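Everything on this sheet refers to the single structure shown next.
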Amino acid sequence: MKLLRIICALIIGVLGGYAKVTGNHNLLPYLFIFLLLMILATGIDELKKGNRRSSFFYFVATSAIIILLLA
């Protein structure tokens, strides 16, 4: 899961930087998908550690991004 978070963070940084420099915002849905994967992986890691309270907030953030993507 840690490797997934690192890869997602790198992709988010590259996509965000590309969108900022070029002004091309067509890639933002992909940025949100990778953000969703990163937050979901963090929530699963927190749940495995036994931090139910913090994992709940990660899952709430994940569901908020899903709603944002579907809107």
- Could you give the radius of gyration (one decimal) and Dmax (whole number) of the Cα atoms in the chain, in Å? 13.3, 42
- Query: Per-residue HN-Hα couplings for the range 28-40, Karplus 6.51 cos²θ - 1.76 cosθ + 1.60 at θ = phi - 60°, whole Hz, x for Gly and Pro?
  - Reply: 4, x, 5, 4, 5, 5, 5, 5, 4, 4, 5, 5, 5
- Would you please give the FRET efficiency between ILE44 and ASN24, computed as 1/(1 + (r/R0)^6) with r the Cβ-Cβ distance and R0 = 30 Å, to the nearest 0.05? 0.40
- Task: May I ask you to derive the relative contact order of the range 2-70, considering only C-alpha pairs under 8 Å and at least 6 residues apart, and to give it as an integer percent?
- Result: 31 percent
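Just so you know, all these numbers are worked out from the coordinates, no wet-lab data involved. Worth saying up front: this structure is predicted, and the values here are computed from it rather than measured. So basically every Cβ, Gly included, is an ideal-geometry build from the backbone, and we count neighbours across all protein chains shown.
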